[in-house]
């Protein structure tokens, strides 16, 4: 298997493994994001943090191991166990056991069998605690400032008791809109770059596929050096405009490399589909750029650490290829650093004159 095919398969596999778990997280064997009604049946168990957009029911003797966030009505039956924190935006009726803290923006009913081992915070709504219901932590009923809700995969949101359901929904919608706006900007930039410089984008993509170790090493070194230079220039105060110029130049290089990488991945993904007619370079680039940008946005929501591990290496690949090809204006002819004996090739040895 040649280098290009190997790189293509590795990229596709990496992107799929990162994307698929969150996109398909509606299953019952792990955490993630679920849209629609969700029921954990009696006697079943699940582990992992889960965000549900819809009503949730945890039936008797069911066990949920992880943090749970619900945008909708929440019902927990007697004998059920939630081993983690609970965040609910909606009505909540609890008759089971929650080992962590509870933050609820809505009416709360604690049945006589309910046990909350952590703190309970209720934002601006009524709290009904039946005889026998136990809360070991502090009970805080917010009527003004609201409470903080820690949402898996989305971060921490401040819930204001005065803004109600609509206000909090708008906050969540704005977060999603910012991610969508980033995707739209990336796609518009992709169309512009590929339309104006199709050959240059193709050259950069071919360089990424032909020499990934070299492009990655050079790109990573440049990104680290650029960050240090920008930091030093910023500290001098008077050279802040120059720092801005450097940042813009590096940003353009990263963006062009990202589009070229997207075009390469889009082409490889479409090759797997085996279409009778090859789409235009713009379509290939749009598909690939949408794929890797969506992945990057999702990873950024999940973990900053994963951004460094998975996203920055991809950015370094593109940046290195941009530099090696002088922004795609000339092909990279360096070839591999080492050649195999089977190919019968050797590196030229410079002659010396006495």
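The values are calculated or read from the model by the stated rules, or taken from the named source; none is laboratory data. The structure displayed is predicted, hence computed values, not measured ones. We place every Cβ from the backbone using ideal geometry, glycine too, and count neighbours over all the protein chains shown.
Numbers below:
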item	result
Candidates 185, 222, filtered to the one that is free of Cβ contacts under 8 Å to residues at least 40 places away in the same chain and assigned to a helix (DSSP H, G or I)	185
Strands (runs of 3 or more DSSP E) completely within segment 47-103 that count 3 or more residues being crowded, with 18+ Cβ neighbours inside 10 Å and either at pLDDT below 90 or at positive phi (or both)	50-53, 68-71, 86-89
Qualifying position, being surrounded by 14 or more Cβ atoms within 10 Å (Cβ to Cβ) and at pLDDT 90 or above, among 149, 108	108
Segment 104-117, subset assigned to a loop (DSSP other than H, G, I, E, B) and over 30 Å from the mean Cα position of the chain (by Cα), residue farthest from residue 80 (Cα to Cα)	107
